[in-house]
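Contents: one structure, followed by commentary.
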Amino acid sequence: MAVVVLAKVTPEADRLRVDPDRRVVDRTDPSPFLNPFDQRAVRVAIDHRSGGEPIVVVTLGPSTVTPVLEGTLALGADRAIVVTDDAFAGSDAPGTARALARAAEQLGATTVFTGARSTDGATGIVPSLVAGRLGIPLVSEVQRLERDGPMWVATADLPGGQARYRTRPPVVLAVGEKIAKLRAPTPEALANAAGRVERWDLARLELDPSAVGRTGAKSVVERFTDPAPARPGIRLDTGPIADRCERTVEFLRGRGPSRAVPSPPVRPREDPGRASDEVGVLVTDLAGQLDPRALGLVSGIRRWMSPGWPSALWIGTAPQRPDLDRLAAAGTMRLHWVARDGPVGDGWAAAAVHRVLDATPGIGTLLALDERFGRDVSGLIAATRNAAIVTGVVAVARGPTGGYLWRKPSLAGAVIAEVSTRGAPVVVTVQPGVWRIEDVPDPRALRAEPVEGPPAEDAIIMEDRIRNAPVPGADLTGAPVVVSIGLGLGGPERIAELEPTLRAWNAALAGSRKVVDAGWLPRDRQVGLTGRSLAPELVVLLGVSGSRHHLVGWRRAGTIIAVAADPAAPVFAAADVGLVGRWDEIVPELTAQLAPFARSLTAPG
C-alpha cells in the first residue's frame, strides 16, 4: 500500500510551443520543470505521511524528465516512476488518465495526490478521470488539509467560497496552488537521488496498446490558431487627462464591440428532432439548484449546434415553476430530473447523470459548465463511460465530416485548439459566460421527467460551507466589462473608491495573483496563469505592472485599457490603449466619459 502522487513535467510557461505537424505540445524543452500544482502535491503528501507510508511519485512522459523526478526523491519521496513508451505518443486526457490510474492501482494506492491542474493544458480534468477509472471519491481544489486518524479533512475552493469535507481513503485529492509553499532540495539530497528513478513501459502496466496513444484517443486536435488580436499599443502620456480620456473613448467607438461580428440567430422553438441529436445540459449546481449560467449553454446549443436540440439534466431538489419557465424561455425541450434533497456531491451527481444517460441513450453530447462541479462530474462520467471529453470550450462549429469541432484555449491561452471527437456520448465543459443567454420565441411549458436516482453517497461528507464576502460590481462570469486591479491600486481599502466606476460601467471586479495572495479579493476573482482566463469585451487594468502570468488571462479580451503611473510598465506593451498617470487622478474622468460606451456593451442583446 502506498500514497501515490501523480505529477506532470512541463516546459516553462513562456516556452510553451506546439509541434505543428503532430499538433501536440513540444516536450523537447531543455529545461522542463514539475508542474507547480504537482510540486505542492508532492510536498503535502510528504508532510502528511502517517505510519511510514511510502510516497511514490508517478509521471507519464519521455525518459528525459528523469532529472526532474530525481528532485522529488531529494525532497523525501520514497520512489519515483516515469511511465514512458512510444505507444503513449498522442494520448488524449482519458488515455493519460488510464495509464496513470493503472500505475496507481498496481502500486496499491490508498490516497492519490495530484495538482488540481497543469500550467500548460490547464484542463483540470485528469484528477476526475483518474478517480473515475479507479472508482474512488474525489476532492478537488483542496487548499487546506488535515489528518484526523484514518480520515482526511479537506478545505476546498468552490465558486463563491469554500467547503470543508471529511473522507477516508481510498480517495483522490487534487490540491490547489495555495496549499503549501515550494521547497527546494539540497545539493546533497539531489546527489543521493541520482539514478534512482524507475521506468515503466506499456507492458509493465499491462495495457492494450489500442487503448492509448493516437489510436486510443477519442479527441484529436485538428489545428491551432492564435486567439490574440493585434494590439495597436497606443500610449497617451501627455496632455490634459480629459483630452486623453476623450481620445480613449474615440478609439473604442471606432473599433466597436467584438460581439458585432455576425452570428447565427437563436433557432425558434420546434419539436425535438432525431433522438440522437439530443444535447444534454447539466443545469444544476453543487446545492442541487438551478445554475443560471447554464442557461447560456442551452442558448448556445440553439445558436451553434444545429440540428442538436437541448434538454436539461436537473440533479437536485424539485424544480419550481419559475426555474422551469426560465429553462423553457432559453429553449429547453425536455427536462430529466433525478431527485436529491440537500447538497449534491460530485460522485453522486455523476452517478445520477449515468442513470439519465442509461434511460436516454439518444443523448449524444453532454455539456456542463467549466468550473469545479461541472468539470469533476464530467470527468467522472467520461472515465466510466469511456467517452471523449473536451474541456474549457469557448465555441463550436460543424466540422468538414459533419461532427462538431470544438474550440478551446490551450497552452496557457497562447493558442486556440480546434478539437474533433469520435464516439458517443461526447462530454464537453464550456467556459461560463461565453454563450449569451437568449430567449426563444414562443416558449412552451416544461415538465420534469423523473429518473430514479442512485443510492445515497456517504464516502465524502460536506461538514461546512463558507461563502466569500460580497465583492462590489457585477458577476465576473461572462461580464462584458471588467476592471482588474494590481498592487499598484495602493491597498484593499481603496477598492471602495472603485464602486462608482463599477456601477457606472456595470462592470465586474477582478485582480492579479498578488492581489488575491494579499487577501484583497477572494480566489475566484484571480485572473492569470494559475487563475481564470476571461474574454470580456473590455478590460481596464488599474495598477497592474504587467506580469506575463496575469496578462495571459486577458489574451482573449476584446480591448485592453491600462492605467499605470510608471511609463515603463510592461503592461503598456500588452494594451490597446495605455494611460500613463495615477489611477486615482485618471479614473474619475475616464468613468464619466466611458460610461455610455461601457453600458452599451452590458445592455441585453
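Yes or no, residue by residue, for (1) within 19 Å of Glu206 (Cα to Cα); (2) free of Cβ contacts under 8 Å to residues at least 12 places away in the same chain; (3) surrounded by fewer than 17 Cβ atoms within 10 Å (Cβ to Cβ):
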position: His48; (1), (2), (3): no, no, no
position: Pro67; (1), (2), (3): no, yes, yes
position: Leu73; (1), (2), (3): no, no, no
position: Ile81; (1), (2), (3): yes, no, no
position: Ser118; (1), (2), (3): no, no, no
position: Ile125; (1), (2), (3): no, no, no
position: Leu138; (1), (2), (3): no, no, no
position: Thr155; (1), (2), (3): no, no, no
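Specify the residue that is farthest from the chain's Cα centre (by Cα); the eligible residues are those in the stretch 387-411 that are surrounded by fewer than 24 Cβ atoms within 10 Å (Cβ to Cβ) and at positive phi.
That would be Gly402.
Can you name the number of the only condition in (1) free of Cβ contacts under 8 Å to residues at least 60 places away in the same chain; (2) part of a strand (DSSP E or B) that Ser210 fails?
The single condition Ser210 does not satisfy is (2).
Here is a list of conditions, (1) crowded, with 24+ Cβ neighbours inside 10 Å; (2) touching a helix residue (DSSP H, G or I) at 6+ places or on another chain (Cβ under 6 Å), and Leu297 meets all of them except one; can you say which number that is?
Leu297 satisfies every listed condition except (2).
Among the listed residues Ala504, Ala469, Ala510, which satisfies the condition of being outside any strand (DSSP E or B) and free of Cβ contacts under 8 Å to residues at least 60 places away in the same chain?
On the way: Ala504 fails: free of Cβ contacts under 8 Å to residues at least 60 places away in the same chain; Ala510 fails: outside any strand (DSSP E or B).
Matching residue, one of Ala504, Ala469, Ala510: Ala469.
Got a number for residues in the stretch 549-572 being part of a helix (DSSP H, G or I) and of a type outside the set (Val, Ile, Thr)? Let's see the steps before the verdict.
Looking only at the stretch 549-572, we keep the residues that are part of a helix (DSSP H, G or I), and these are 549-554, 570-572.
Those left that are additionally of a type outside the set (Val, Ile, Thr): 549-551, 553-554, 570, 572.
Residues meeting the conditions: 7.
Return the residue satisfying two criteria in turn: it lies in the stretch 163-207 and is acidic (Asp, Glu) and outside any loop (DSSP other than H, G, I, E, B), and of such residues it is nearest to the chain's Cα centre (by Cα). Quick ask: steps written out before the conclusion?
To start, the set of residues in the stretch 163-207 that are acidic (Asp, Glu) comprises 177, 188, 198, 201, 206.
Those left that are additionally outside any loop (DSSP other than H, G, I, E, B): 177, 188, 198.
Numbers: Glu177: 14, Glu188: 39, Glu198: 32 Å.
Looking at the filtered set, the residue picked out is Glu177.
So Ala194 passes all but one of these: (1) surrounded by fewer than 17 Cβ atoms within 10 Å (Cβ to Cβ); (2) in contact with an Asp or Glu (Cβ under 8 Å, 6 or more places away or on another chain); (3) of a type in the set (A, V, I, L, M, F, W, C); (4) without any contact (Cβ under 8 Å) to a residue 40 or more places away in the chain. Which condition number does it fail?
(4)
Considering each residue of the stretch 436-465, count those that are farther than 30 Å from Val396 by Cα and small (Gly, Ala, Ser), and give that number.
3
In the stretch 385-399, which residues are under 13 Å from Gly95 (Cα atoms) and either in contact with a Pro (Cβ under 6 Å, 6 or more places away or on another chain) or hydroxyl-bearing (Ser, Thr, Tyr) (or both)?
Ala387
Those residues that are assigned to a helix (DSSP H, G or I) and out of contact with any helix residue (DSSP H, G or I) (no Cβ under 7 Å at 6 or more places or on another chain), I need them from the stretch 520-548; list them, please. Walk me through how you get there before you give the answer.
To start, the set of residues in the stretch 520-548 that are assigned to a helix (DSSP H, G or I) comprises 523-525, 548.
The answer is Asp524, and nothing else.
Each value in this text was obtained by applying a stated rule to the coordinates, not by laboratory testing. The shown structure was predicted, so the numbers you read here are calculated from the model rather than taken from an experiment. Here the Cβ is made from the backbone with ideal geometry for all residues, glycine too, and neighbour counts use every protein chain on show.
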